[in-house]
Amino acid sequence: MSENAPFTKKTKRFWLTLLGAVMFVFGTPTLTNAAEDKALKGAVDYYVFGLTASESLPNKDSSAAAGIARITLNWLAYQKESDTGALQLRVDHKHGYTDSTLSEFVMGNVGGFGLIQPAFSDIGLRLTNLYWTQTFNKQSTDMMVGFLDTTDYVDTYQLGNPYYGFSNLQFSTGSGSIPIPDESTFGGVLRHMMSENYYFYASFSDAKADSTKPFDGVEQFINDNQYFKSLEIGWVESKDDFYLKNSHLTVWHSDGPKEQASENYGANWSSIYKTGSWIPFFRAGVAQGPEALYKSSVVFGTGYSGVGPGMLGIALGWAKPNAELDDSYNSEIYYRMNWGALSLTPNVQYLHTLPFNSKADDSWIIGLRGNLHFGF
């Protein structure tokens, strides 16, 4: 991901264009009427995440915190029986509260190998997604075209959302073994239910995406020919339980985000099945090429909704770093609590093997995530 980008003229032009688009949405009578008819919906979110570690490198902070302000707009522009067409827009502002950034904390401050909440950085304004989504064939087929967030559709599962579920990247999309493009990657996605229980999910997008300069992705897509491709074949018990009772195999290929293309490919397996209050899961991935964080990753754990009003999550993971380093072992437990618009999620993680820390071999990390959500 590109987490350090100067505020260039192109970037300024992008945000002026985006501002104009938002003004168009709220200023156009047709869309204003759509909002009155409930066709235009939106949400405002504020996320905050902070953590502290039992071990840190010399002259490095042992804690870090950051926030994300987010606005989401969705315009249902077309509906015919069960088929729909909608425009989705999501913009974030990412900012740090401390000198140390969460996206670099594990490697830069603790001396471990891995990532915790890499989405929480200090890059400022950026586009997360802007795309058209269409459903047809009585909602058996879904298509998205535009500036996409790959974590919305590649190797997803119920507990992997870093804003609501696990915080360690190994327990999120790709299990750390897929070099996910930056948000607002330009491309397309197609999902089709081949039967009541079997589906495929195919994607093709710009591997060089930079969410602070998203419109550059169109030129890159046409001229640079560096792409991220994925194909997922899966089973679901029913479409209503798509993320809760799901097993799938994902194969992928990436030309990498750097100026010089590279060969990257791999495969991931995921199984999750909710039974009663339990949501057990098993996930694994293997990768070849220089861009993935891990060459191999194996994860298992469970969610549990039988303790109080919230959701408990527990996960254990083993990984082989994509470098000449010792194997990594990660574990995490969290409990998400909701009170109306507010949710709080304390979590505890244990990291074993700290290859960049000569004084310690493991570390405990305690974190707290908060979210305020307002829909309109």
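Before moving on, here are some points about what is shown:
- Residue in the range 318-331 that is aromatic (Phe, Trp, Tyr) and buried (at least 17 other Cβ atoms within 10 Å of the Cβ) present: yes
- Candidate set: the range 199-213, residues that are in a loop (DSSP other than H, G, I, E, B) and under 17 Å from the mean Cα position of the chain (by Cα); chosen: the one surrounded by the fewest Cβ atoms within 10 Å (Cβ to Cβ): LYS208
- Taking the range 43-69 as the range and being among the small types (Gly, Ala, Ser), buried (at least 17 other Cβ atoms within 10 Å of the Cβ) and over 15 Å from TYR97 (Cα atoms) as the test, the residues that pass are ALA53, SER56.
- Here THR72 fulfils each of the conditions (1) at pLDDT 95 or above; (2) buried (at least 19 other Cβ atoms within 10 Å of the Cβ); (3) of a type in the set (S, T, N, Q); (4) within 20 Å of LYS213 (Cα to Cα) apart from (2).
- Residue among VAL189, VAL106 that is over 11 Å from the mean Cα position of the chain (by Cα) and in a strand (DSSP E or B): VAL189
- Check on THR8, surrounded by fewer than 17 Cβ atoms within 10 Å (Cβ to Cβ), more than 18 Å from the chain's Cα centre (by Cα) and modelled with pLDDT of 90 or more: no
- For ASN322, the test of being touching a residue at least 60 places away in the same chain (Cβ under 8 Å), polar (S, T, N, Q) and closer than 18 Å to PHE113 by Cβ is failed.
- Qualifying residue in the range 153-167 (condition: in contact with a strand residue (DSSP E or B) (Cβ under 6 Å, 6 or more places away or on another chain) and aliphatic (A, V, I, L, M)): yes
- Exactly one residue out of TYR334, TYR265 is within 14 Å of LEU159 (Cα to Cα) and in contact with a strand residue (DSSP E or B) (Cβ under 6 Å, 6 or more places away or on another chain): that is TYR334.
- Checking each residue in the range 232-248 for being surrounded by fewer than 15 Cβ atoms within 10 Å (Cβ to Cβ) and farther than 20 Å from GLY313 by Cβ picks out TRP235, SER238, LYS239, ASP240.
- Residue match in the range 286-303 (condition: buried (at least 19 other Cβ atoms within 10 Å of the Cβ), of a type in the set (Val, Ile, Thr) and farther than 27 Å from THR72 by Cα): yes
- Among the residues making up the range 113-127, those that are assigned to a strand (DSSP E or B) and buried (at least 22 other Cβ atoms within 10 Å of the Cβ) are ILE116, ARG126, LEU127.
- For the range 332-362, filtered to residues that are small (Gly, Ala, Ser) and within 28 Å of SER296 (Cβ to Cβ), the residue that is surrounded by the most Cβ atoms within 10 Å (Cβ to Cβ) is ALA360.
- Single residue of THR185, THR212 found to be among the β-branched types (Val, Ile, Thr), closer than 23 Å to ASP92 by Cα and modelled with pLDDT of 95 or more: THR185
- Test: residue in the range 98-120 that is among the charged types (D, E, K, R) and either at pLDDT 95 or above or farther than 30 Å from LYS295 by Cα (or both): yes
- Of all residues in the range 155-183, those being touching a helix residue (DSSP H, G or I) at 6+ places or on another chain (Cβ under 7 Å) and either polar (S, T, N, Q) or within 18 Å of LEU351 (Cα to Cα) (or both) number 5.
- One residue from LEU130, LEU159, LEU169 being crowded, with 22+ Cβ neighbours inside 10 Å, touching a Leu at 6+ places or on another chain (Cβ under 7 Å) and in contact (Cβ under 8 Å) with a residue 24 or more places away in the chain: LEU169
- Which numbered condition LEU73 fails, given (1) touching a helix residue (DSSP H, G or I) at 6+ places or on another chain (Cβ under 7 Å); (2) under 30 Å from MET144 (Cα atoms); (3) not in a strand (DSSP E or B): (3)
The values are calculated or read from the model by the stated rules, or taken from the named source; none is laboratory data. The structure presented is a predicted model; accordingly, all values stated were derived computationally and were not measured. Note: ideal-geometry Cβ built from the backbone for every residue, glycine included; neighbour counts use all protein chains shown.
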